[in-house]
Amino acid sequence: MRFETLAVHAGGEPDAETGAIAPPIHLATTFRHGPAGERIAGFEYVREGNPTQDRLETALAALEQGEAALAFGSGMAAMSALLESLPNGSRVLIPRDCYTGLRVLALEFLPLRGIEAVAVDTGDAAAVAAALGGNVRAVWLETPSNPQLQVADIAAIATLTRAHGALLFCDNTFATPALQQPLGLGADVVMHSTTKYFGGHSDVMGGALVFAHKADLYEQIAHRRHVTGGVLSPFNAWLTLRGLRSLPARMSWHCANARRVAEFLATHAQVRAVNYPGLPDHPGHAVATRQMRDFGAMLSFHVAGGREAALAVAGQLKLIHNATSLGGCESLIEHRASVEGPNPFSPQDLLRLSVGIEHADDLIADLDQALRAAAQPS
Ligand SMILES: *Cc1c(COP(=O)(O)O)cnc(C)c1O
């Protein structure tokens, strides 16, 4: 079955009791069992599992070509459950350019568990090869990365991790399985913040792990989630399931808009550089062309004139909101350096843009007026 069809139907069997085409939301926290705890329909207590979450997990596994999925209350709950499952004394390689939550987890929390995270340039497979070995038990990829849109070669790095007996984890939030399926390229586990494109409407938080194999690691993390409790609510599982029905359709519109916005920005006098893997001069363009169906709708750009000019552009936008997060229908912009805490990692002249599903002409007009207004001497 093609991806678009799976997205509409996976986990979507009509309700057995009523024939309802839209799935019911089971809010029950507990399920009747026999006197000795015998399960009647497979469920016991909501923290362990529930029917609405089961539907979502079935759909997520199907869309990522995995054997099993686990839903979590947030992307960070999914990410930390996976990384904290590594044995004490492990080392994990993480991308130098990555989601801020991963960097904070790596700096502040993983060391408490005896796990050392080492930042490498995952855009360069040779740099990953050089850092492998010893007690490196896993490599974490985020491709394209946040906020600089660096591209990692998933298949090449999967060959390396396999040769070293390490696991390959891939944060697929930016690309989504509509554009990129890391498990098919050799990754062991895919992580998602479903808060972004899966939900798709900036109104539901969630996270997920999808496993290539329903084996020990899956069982271990399912047990961890049950005990540590980073679970999704049934209502949020339902909203996410509803969001993923339109994921392929939204992604193709998102990508078409992003391409036009990137091309516009790339030729603008007030823009020093654009990071978008769909542009032919992007250093990851060839790899992205190989491993992605399209280039996504996240981009970042460097404003000529540095921090003040970047803030002026962000401040002049009328249609595009200044807000964090991404993947919703509405376009959002953010000066990342301003929100990354006291030691920002992002360049001061950089703005990150989540291109929404408005009309590209309107987005370009808004960016154009803001870039012009910011360039006026005040
Ligand atoms: C948002 C995001 C996360 C964290 O997910 P939450 O749902 O906010 O906890 C992780 N990785 C990437 C790439 C993200 O964009």
Loop trypsin sites (Lys or Arg not before Pro), region 274-374, which have at most 11 other Cβ atoms in a 10 Å radius of their Cβ (DSSP): Lys318
With θ set to phi - 60° and the Karplus curve 6.51 cos²θ - 1.76 cosθ + 1.60, what are the ³J(HN,Hα) couplings of region 85-98 in order, to the nearest whole Hz, using x for Gly and Pro? 7, 6, x, 3, x, 7, 10, 10, 8, 10, x, 5, 9, 7
What helix-only [θ] at 222 nm does the chain give? Using -39500 (n - 2.57) per DSSP H run of at least 4, over all residues, to the nearest 500, the answer is -10500 deg cm²/dmol
Pair Glu108, His213: separation of 7 Å Cα→Cβ label points (nm): 3.6
Final fewest-first order of Tyr99, Tyr45 on the 10 Å Cβ neighbour count is Tyr45, Tyr99
In nm, spacing of pseudo-spin labels at Glu13 and Ala269 (7 Å Cα→C-beta vector): 6.4
Evaluate 2.2 N^0.38 Å with N set to the residue count of the chain, then give the Cα radius of gyration divided by it. 1.01
Bridge type composition, the chain - antiparallel percent by DSSP, nearest 5: 55
Could you calculate the FRET efficiency of Gln376 with Asp124 from 1/(1 + (r/R0)^6), where r is the beta carbon distance between them and R0 is 41 Å, rounded to 0.05? 0.50
Per-bin percent of Cα-Cα distances, region 141-285 [10 Å]: 10, 32, 35, 18, 5, 0
So what's the angle, to the nearest 10 degrees on a 0 to 90 scale, between helix 154-163 and the longest Cα principal axis of the chain? 50
On the formula 1/(1 + (r/R0)^6), with r taken between the Cβ atoms of Gln220 and Asn343 and R0 of 51 Å, the FRET efficiency rounded to 0.05 is 0.90
Most exposed first by the Cβ proxy, i.e. fewest other Cβ within 10 Å, how do Glu263, Glu13 rank? Glu13, Glu263
If I model a spin label as a point 7 Å beyond the Cα along the Cα-Cβ vector, how far apart are those points for Asp281 and Glu84 in nm? 4.5
Proxy reagent accessibility, fewest Cβ within 10 Å first, across His302, His282: His302, His282
With a Förster distance of 51 angstrom and the Cβ-Cβ distance between Thr159 and Ala249, calculated FRET efficiency to the nearest 0.05 equals 0.90
Computed over the chain: longest principal axis from alpha-carbon atoms vs helix 234-244 long axis, angle to nearest 10 degrees, is 50
Isotropic mean projected area of the C-alpha convex hull, region 247-375 (nm²): 7.6
Rounded to the nearest 20 debye, what is the charge dipole size of the chain about its Cα centre when +1 sits on each Lys and Arg Cβ and -1 on each Asp and Glu Cβ? 220
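The numbers here are math on the coordinates, done by the rules we state, and not lab data. Given the structure is predicted, the values throughout are model-derived calculations rather than measurements. We place every Cβ from the backbone using ideal geometry, glycine too, and count neighbours over all the protein chains shown.
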